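Read the structure below first, then the notes.
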Amino acid sequence: MSLLFDISLFQLTMLMMAPLIIACLGETIIERSGILNVGIEGVVTLGSVTGFLLTYYSGSAIIGCIVAALSGSVLTLLLAYFSVTLRANQIVIGLGIFVLGLGISPTIYRLAVGVVQSIPQVPTLKEIPIPLLGAIPFIGEIFFAQNGLVYMSYFLVAAVSFFLFKTPLGLRLRACGENPRAADTVGIDVARMRYGACAVGGLFLGVAGAYLPLVISGSFTDNIVNGRGWLALMLVIFGRWVPVWSFVGALLFAYVDAFQFKVNALPQFAKIIPPQFLLMLPYVFAMIVLVQVARGAESPRALTRPYDREARD
Amino acid sequence: MAAGVSEKKKVAMEFAVTYAAAGALALACGAVFIVAFGGDVLVALGTVLRSSLGTWGGFAQTLNKFSPLLLASLAVAFGMRGGHFNIGVDGQIYAGAIGMTGTAFALEGMNLPWPVFVPLGLLGGILGGWFWGFIPGILRVRFQVSEIFVTVMLNFVALYLVDYLANGPWNDPLAGEAISLPIPDASVLPQVMPRAGAHAGFIIALVAAVGMYFFMTRTIAGYEIRAVGDNPRAARFGGINVARVTLIIMPTCGALSGLAGAIEVSGFHQSLLLGISGAEGAPNYGAMAILIAVIGRNNPLGVTIAAAVFAVLVSGSDSLQRSIGLPGAAVFVFQAIIVLTVVFVQARRNVRAG
């Protein structure tokens with residue numbers, strides 16, 4: 001029982017939470033504009049390879065994150081071009097981008113690194129405890145003794161919430177996702193908003209990708225993302241397109257993930273529960289949660305629907 | 001009448017141009033990769049063709065890749081035709097492989113002759129896949145959960161299940177790695193080209209493609225599936241039970257992929273291991289199947305042709321992996337480029353036509 005409330009378990013939870021929520025926020029922005037990005041897993045994978053390589057060669061994690069963000073943005077803009085300008089089926093295109101990201105990432109990695117004896121490593125980001133706050137026992141140690149990207153994820157939750165619900169631009173963005181015809185009538189450029197949402201949301205997806213090698217593993221492997229992109233997509237539904245609720249979901253998932261990681265590290269448990277069953281846990285948990293939240297979840301009404309100014313509807 | 005013929009010709013021309021452009025772009029991209037990895041484009045192309053079609057051994061490997069690819073792609077196409085997105089082919093392949101292996105071990109002591117044992121094993125695989133497809137089907141019908149998520153999540157569950165079985169209860173202690181004991185000889189799918197090493201899987205896959213064609217065009221259930229795929233609202237108003245259609249589609253998708261997994265075990269690996277749906281770092285069948293279904297426009301004939309092209313690509317790029325170190329996943333890039341080009345041309349035509 002003490003295992004469930006262990007402080008290091010909560011610290012690990014925050015560590016695992018950050019990439020989920022960052023990707024989820026990016027996807028929320030994109031979906032609020034009326035575009036569904038099922039290619040998210042591929043975009044995140046691209047972000048992790050560009051983030052890793054640039055950090056490795058430049059020695060600066062900041063440069064790595066910036067380039068990862070830009071690469072995520074570029075790949076998501078490809079989705080925007082197909083869904084906004086060409087009005088193609090977003091799910092088909094998203095799946096194409098998913099596979100493209102899955103394929104191009106190991107190719108870039110191999111091109112840059114070549115066939116080597118020892119895999120290249122970058123030092124993982126260090127924790128920067130926040131003065132005063134970080135000294136609060138328990139709470140402070142969990143929330144305020146983390147790496148910089150975790151702090152950034154807190155900030156982004158607040159920033160995206162504020163942007164979506166308290167700014168005129170956020171309102172316009174949501175209008176494009178709910179009723180693009182009405183938005184167009186009052187002079188909002190729906191196509192530009194959707195392109196913009198993809199460009200900005202893509203930045204988030206790229207950073208979420210870079211997080212994985214920079215914080216968790218220190219190196220790049222082909223299956224580094226391992227379904228986290230899909231989980232982020234699910235967290236958007238879990239949070240009903242509201243960042244704060246997605247944040248709660250991300251904490252929950254990260255907790256389950258951190259739990260299986262901790263338990264698997266204990267040899268006395270391996271005899272009772274095979275490690276593979278613990279590894280399944282986050283995914284099974286995701287399905288159970290989906291069953292609970294999917295009913296009555298209302299997506300932005302124009303989600304996946306291309307907008308044609310000239311069409312009569 | 002004459003107008004009809006020329007219209008048909010025009011469509012056929014556009015079709016040919018689309019796919020030629022897609023192929024050319026993918027080839028150009030391939031050439032860039034080959035140069036980037038320090039290879040010679042013409043030599044590499046020669047290697048690809050020789051190693052996939054030019055030798056009997058290579059041709060046999062291409063056939064062996066063709067059968068799971070075709071079945072997996074039919075599983076995706078079948079779902080998409082009815083408006084369902086099956087991203088869980090990998091999981092269903094693993095479930096089928098587990099079903100096949102489990103059946104083979106369970107019936108091991110009965111001394112069944114192969115004409116009985118092999119079909120029973122494959123049936124075990126089909127049932128395993130069927131069940132793995134039934135879960136997203138029932139969750140969609142009962143709880144309105146998107147099948148996209150459930151199928152993705154089930155991929156990981158199946159993967160770890162295979163990992164557990166291959167390392168745990170079914171592990172071959174002499175192999176020293178995550179692989180099960182070999183399945184009994186009588187449950188091994190017969191070889192069609194024994195010396196080259198091609199098993200009979202491709203015949204089963206082709207039969208499945210023909211079967212899907214007739215099912216879709218000649219049966220009431222097939223008609224209902226197409227109606228739901230074209231317009232679920234209209235289908236519902238037309239009196240079609242959409243929930244029932246979902247419960248036909250998803251498990252059937254699973255059964256087709258499960259058969260692919262069973263054939264991989266029974267014909268190719270002859271034991272259960274993790275690399276069944278593409279080894280680590282290599283492209284997995286599930287992702288490729290989605291692209292093949294899109295390129296083949298969810299039509300059994302189109303899917304069969306696209307799967308054949310992809311089989312050549314996969315077995316050919318295996319050789320590039322060995323000769324110039326091109327990562328296995330690079331083949332995904334070519335395939336994604338083909339898909340994006342095809343969609344690009346179609347969508348542009350639609351946008352222009354208004």
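The values are calculated or read from the model by the stated rules, or taken from the named source; none is laboratory data. Keep in mind the model is a prediction, meaning the values are calculated, not measured. Note: ideal-geometry Cβ built from the backbone for every residue, glycine included; neighbour counts use all protein chains shown.
Couple of notes before you dig in:
- Unmet criterion (only one of (1) crowded, with 24+ Cβ neighbours inside 10 Å; (2) at negative phi) for A:Gly34: (2)
- Take the conditions (1) crowded, with 19+ Cβ neighbours inside 10 Å; (2) modelled with pLDDT under 90; (3) under 24 Å from B:Phe105 (Cα atoms); B:Asp163 misses just one of them, which is (2).
- Any hit, region B:184-195, residues being touching a helix residue (DSSP H, G or I) at 6+ places or on another chain (Cβ under 6 Å), assigned to a helix (DSSP H, G or I) and farther than 30 Å from A:Glu41 by Cβ: yes
- Exactly one residue among B:Leu45, B:Leu63 is free of Cβ contacts under 8 Å to residues at least 40 places away in the same chain and aliphatic (A, V, I, L, M), and that residue is B:Leu45.
- The set of residues from region B:193-221 being under 19 Å from B:Ala60 (Cα atoms) and basic (Lys, Arg) comprises just one member, B:Arg195.
- Those residues of region A:197-243 which are within 27 Å of A:Asp308 (Cα to Cα), surrounded by 19 or more Cβ atoms within 10 Å (Cβ to Cβ) and not β-branched (Val, Ile, Thr), in sequence order: A:Ala197, A:Cys198, A:Gly201, A:Gly202, A:Leu203, A:Leu233, A:Trp241
- Candidates B:Leu74, B:Leu107, filtered to the one that is surrounded by fewer than 23 Cβ atoms within 10 Å (Cβ to Cβ), touching a helix residue (DSSP H, G or I) at 6+ places or on another chain (Cβ under 9 Å) and of a type outside the set (Gly, Ala, Ser): B:Leu107
- Check on A:Gly101, within 11 Å of chain B (Cβ to nearest Cβ), touching a residue at least 60 places away in the same chain (Cβ under 8 Å) and of a type outside the set (D, E, K, R): yes
- Some residue of region B:271-284 being out of contact with any Asp or Glu (no Cβ under 8 Å at 6 or more places or on another chain), part of a helix (DSSP H, G or I) and modelled with pLDDT of 90 or more: no
- Qualifying residue in region B:90-113 (condition: farther than 14 Å from B:Leu259 by Cβ, touching a residue at least 24 places away in the same chain (Cβ under 8 Å) and within 13 Å of chain A (Cβ to nearest Cβ)): yes
- When B:Ala287, B:Ala336, B:Ala308, B:Ala347 are screened for being more than 14 Å from chain A (Cβ to nearest Cβ), part of a helix (DSSP H, G or I) and out of contact with any His (no Cβ under 6 Å at 6 or more places or on another chain), only B:Ala308 passes.
- Test for A:Pro168: is it away from every other protein chain (no Cβ under 14 Å) and crowded, with 23+ Cβ neighbours inside 10 Å: no
- Criterion: more than 13 Å from chain B (Cβ to nearest Cβ), surrounded by fewer than 16 Cβ atoms within 10 Å (Cβ to Cβ) and in contact (Cβ under 8 Å) with a residue 24 or more places away in the chain - qualifying residue of A:Arg305, A:Arg301: A:Arg301
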